[in-house]
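Q: Quick one: the structure is below, questions incoming.
Every number in this text was worked out from the coordinates using simple rules, so none of it is lab data. Computed from a predicted model, the values in this text were never measured in an experiment. Note: ideal-geometry Cβ built from the backbone for every residue, glycine included; neighbour counts use all protein chains shown.
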Amino acid sequence: GQQVMQIPQYQHVQEGEDFTTYCNSSTTLSNIQWYKQRPGGHPVFLIQLVKSGEVKKQKRLTFQFGEAKKNSSLHITATQTTDVGTYFCAGRWNQAGTALIFGKGTTLSVSS
Amino acid sequence: EPEVTQTPSHQVTQMGQEVILRCVPISNHLYFYWYRQILGQKVEFLVSFYNNEISEKSEIFDDQFSVERPDGSNFTLKIRSTKLEDSAMYFCASSRFSYEQYFGPGTRLTVT
């Protein structure tokens, strides 16, 4: 079945350092979403990317969708302790589809 | 702010028993979903529901599982004859359109 690969699985940074997680599909995605899950919490929607080469920013977070729509990344600038959690990408291959296929997530820990 | 609610927060059941997990989606949402997350692992899509019928389902969603929208507000997931490997956090989600999904807090199912 369809799947998205996400790396790294874990990342530890010092507060103020940058962080990036990458998501990759072997086949072209229709769109990709990013979610954040705090420890013990539920996934919370961050953003959806639809267009080839799309770049979106939310304050210190920058999301990119590759030109071929097979990969995506989330970059956090100057991490803060509040950024701690697991970041999941979730892909759709069918524009009319409803199913979201999640990557395994990248768990970010931040030390102050 | 409207939110998805789920009951119970924790359900313990014996292997072979039937369980019903309940969800109240956000009131003006049209799409409803069930996901599960085994401890420490990725979020897995089970089923999506739209216009009173299943839109998509994953390989996990076999004859052991069923969903229902018994009235205008509730959305349920029934698991017949539970197995040990059904132990997981089950998340309900809803969306206005096939876009940003709002997740509930989850029901932790423990099968003993």
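Q: Place a +1 charge on the Cβ of each Lys and Arg in region A:29-112 and a -1 charge on the Cβ of each Asp and Glu, then give the dipole magnitude about the Cα centre in debye, rounded to the nearest 20.
A: Computed charge dipole of region A:29-112: roughly 80 debye.
Q: Take each of the peptides B:65-78, A:63-76, average the number of other beta-carbon atoms within 10 Å over its residues, and list them starting from the highest.
A: Most protected by this proxy first, the peptides run A:63-76, B:65-78.
Q: Work out the charge dipole of the protein assembly as shown with +1 on the Cβ of Lys and Arg and -1 on the Cβ of Asp and Glu about the Cα centre, then indicate which of B:111, A:84, B:11 is farthest towards its positive end.
A: Final value for the positive-end residue is A:84.
Q: Considering the alpha-carbon set of the protein assembly as shown alone, what are its Rg and its Dmax in angstrom?
A: When restricted to Cα atoms, the protein assembly as shown yields Rg and Dmax of 17.5, 51 Å.
Q: Using only the alpha-carbon atoms, what does region A:4-92 span along each of its principal axes? Please give whole angstrom values in decreasing order.
A: Computed over region A:4-92, the largest-to-smallest principal extents equal 34, 24, 20 Å.
Q: Further, regarding this structure: Taking the Cα centre of the protein assembly as shown as origin, work out the dipole magnitude from +1 charges on Lys and Arg Cβ and -1 charges on Asp and Glu Cβ, in debye rounded to 20.
A: Value, rounded to 20: 300 debye.
Q: Let's see if you can work this out: charge +1 on each Lys and Arg Cβ, -1 on each Asp and Glu Cβ, no other charges. What is the dipole magnitude of region B:40-112 about its Cα centre, in debye to the nearest 20?
A: In debye, rounded to 20, region B:40-112 gives about 220.
Q: Placing +1 on the Cβ of each Lys and Arg and -1 on the Cβ of each Asp and Glu in region A:35-78, which of A:65, A:42, A:75 has its Cα farthest towards the positive end of the resulting dipole?
A: A:42
Q: Average partner chain C-beta neighbours within 10 Å, per residue of A:94-101?
A: Per residue, the number of nearby Cβ atoms from other chains is 6 on average.
Q: Determine the distance separating the Cα centre of region B:25-99 from the Cα centre of region A:47-64; give it in Å without decimals.
A: After rounding, the separation between the Cα centres reads 28 Å.
Q: Put +1 on the Cβ of each Lys and Arg and -1 on the Cβ of each Asp and Glu in the protein assembly as shown; which of A:102, B:23, B:34 then has its Cα farthest toward the positive end of the dipole?
A: Working it through, the farthest residue towards the positive pole turns out to be A:102.
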